[in-house]
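Here's a structure for you.
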Amino acid sequence: MRTLKLSAAALGLSLLLGGCALVEQPNYTSVSANDFVAANYRAADALQAQLAGKLTGDQPLIMATLVNIDALEHSSMLGRVVSEQIATRLAQGGLPVLEMKLRNSVYLKRNQGELMLTRELGEVAGTHNAQAVVVGSYAETRDTIFINVKVIQPTTNLVLAGHDYVLAKQGTIRSMLVPD
């Protein structure tokens, strides 16, 4: 009887441990297959295609942090990471993107990034001789994140380019939406 109990306990333990092994741990392959970066790069590529012939190579672009559409003075890790990836891709495409985090004359709200409202666009762009500012917002639903990015000419507030896209609100993306 004791042997039967020990065998049952051993079987139960091995099933429990085997079940734990089925939980896939993140690795480079699974993370790099995530469509998050690719979606942001496609958005930047779409903006760059629309900007062909509208910008000069001698004046920089400024990238603002994407904000929550329901609270325009707030962002999240998602807004900051999307902004970083779009700026990176625009720079990879040859556009001069000014890194604002290295500028101490721009107000950076703690934990929010480079937030710019329309009234601030002209002033910041003029100070840094920027020909355009990339702005954007995101909206959350239960299952998705709707993202809008635009390239604005700061002297006229005209939209030079724009792109909308949707991300599935899953695991990593959901965790990036936790308010600061």
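Between GLY162, GLY94, which is within 17 Å of LYS54 (Cβ to Cβ), exposed (fewer than 12 other Cβ atoms within 10 Å of the Cβ), at pLDDT 90 or above and out of contact with any Cys (no Cβ under 9 Å at 6 or more places or on another chain)?
Numbers: GLY162 fails: exposed (fewer than 12 other Cβ atoms within 10 Å of the Cβ).
The unique qualifying residue is GLY94.
Return a yes/no flag: does the stretch 30-42 have any residue that is modelled with pLDDT under 90, in a helix (DSSP H, G or I), open to solvent by 60 Å² or more (accessible area, probe 1.4 Å) and among the polar types (S, T, N, Q).
Initial filter on the stretch 30-42 (modelled with pLDDT under 90): 30-35.
Still in the running and in a helix (DSSP H, G or I): 30-32, 35.
Applying the additional criterion that residues be open to solvent by 60 Å² or more (accessible area, probe 1.4 Å) yields 31-32, 35.
Narrowing the set further to residues that are among the polar types (S, T, N, Q) leaves 32.
Within the stretch 30-42 (the criterion being modelled with pLDDT under 90, in a helix (DSSP H, G or I), open to solvent by 60 Å² or more (accessible area, probe 1.4 Å) and among the polar types (S, T, N, Q)), the answer is yes, since at least one residue qualifies.
If the Cβ limit is 6 Å and pairs must be 6+ apart or interchain, which residue in the stretch 146-163 that is under 20 Å from GLN85 (Cβ atoms) pairs with which residue that is in a strand (DSSP E or B) and of a type in the set (Asp, Glu)?
Once the first residue is under 20 Å from GLN85 (Cβ atoms) and sits in the stretch 146-163, its partners that are in a strand (DSSP E or B) and of a type in the set (Asp, Glu) give ASN148/ASP164.
A further question on this structure: Got at least one residue in the stretch 68-85 being closer than 15 Å to PHE146 by Cβ, assigned to a helix (DSSP H, G or I) and not β-branched (Val, Ile, Thr)?
yes
The values are calculated or read from the model by the stated rules, or taken from the named source; none is laboratory data. Source: prediction; values computed, not measured. Ideal geometry is used to build each Cβ from the backbone, glycine not excepted, and the neighbour counts take in all protein chains shown. SASA here: full protein model, heavy atoms, side chains in, ligands and nucleic acids out. Shrake-Rupley method; radii C 1.70, N 1.55, O 1.52, S 1.80 Å.
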